[in-house]
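Values in this text are rule-based calculations from the coordinates and carry no lab data. Nothing here was measured: the structure is a model prediction, and the numbers come from that model. Cβ placement follows ideal geometry from the backbone for every residue including glycine, while neighbour counts extend to all protein chains displayed.
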Amino acid sequence: MALQNEDLRREAEKLRAENAALRHAIATSVPSSLPMASRGVYRNQDLALSEVERVALGVNGLQHFPVWLAVLLHILTFGVFSVVYYAGQGGKLPEIEPADPSPQKALLYFLLPYFNLYWLFAFPTRLADRINFQLRLRGETPMISQALVVACSLSTALVLVPFFWIFAVIQMQQAINRVVELGPVVPREAAFTEQVAYTQPAAFAQQSEFAQQPR
């Protein structure tokens, strides 16, 4: 009995390691996955994701940050803090679609003449999509208003005053904190196990044969 329990424990640990490796492999392959990118995952409300995809796309490196401090630093730096900080936050999200920029590109595009006028709208709306998507993966409703983000971008482009972004900063940071609070995407065990088993039939077959061998 002790030997059988030890074997079962090792098999369970191996399966968990394989599942983790599978999630990592999917997460790292998503950015170059044409079928995934062509589905427009961020704004497609009816998009059907498999359990493996849902878990993998929910992996991120976001961390909690006080909303009041984000607002204060935004005001004190005339918006510079928000540009740098949220470019970094975008780098902690999975790059799912080709238009998802790295933090370096996000900051560089703000410095390019004329193109930065387009980027003033493109970057925050894309970031809002990506953060809202993380909430949707966790069964939550989006917290960042795209209309508000566009209005802030328009006001900045016309008036050159970044203080209107205070309201968008509040929403973005509250949404990020909510994603962190909810934690990793939790798979529905039955569906997830079935998909992993389908993905790795040979490995499961070998483990099943090993388990049936007499001790």
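Dipole size of region 67-182 about its Cα centre, with +1 on Lys/Arg Cβ and -1 on Asp/Glu Cβ: approximately 60 debye, rounded to the nearest 20.
The loop-placed chymotrypsin sites (Phe, Trp or Tyr not before Pro) in region 57-105, going by DSSP, that have at most 14 neighbouring Cβ atoms within 10 Å of their Cβ come out as 78.
Computed over region 67-182, relative contact order equals 29 percent, with contacts defined as Cα pairs under 8 Å that lie 6+ residues apart. Values of log10 I(q)/I(0) for region 67-182 across q = 0.19, 0.20 Å⁻¹ run -1.03, -1.15, by the Debye formula with one identical scatterer at each alpha carbon and no solvent. Highest mean packing first, where packing is the average number of other Cβ atoms within 10 Å per residue, the peptides 175-184, 139-148, 51-60 line up as 51-60, 175-184, 139-148.
Of the chymotrypsin sites (Phe, Trp or Tyr not before Pro) found in region 100-166, those in coil by DSSP whose Cβ has at most 13 other Cβ atoms within 10 Å are 114.
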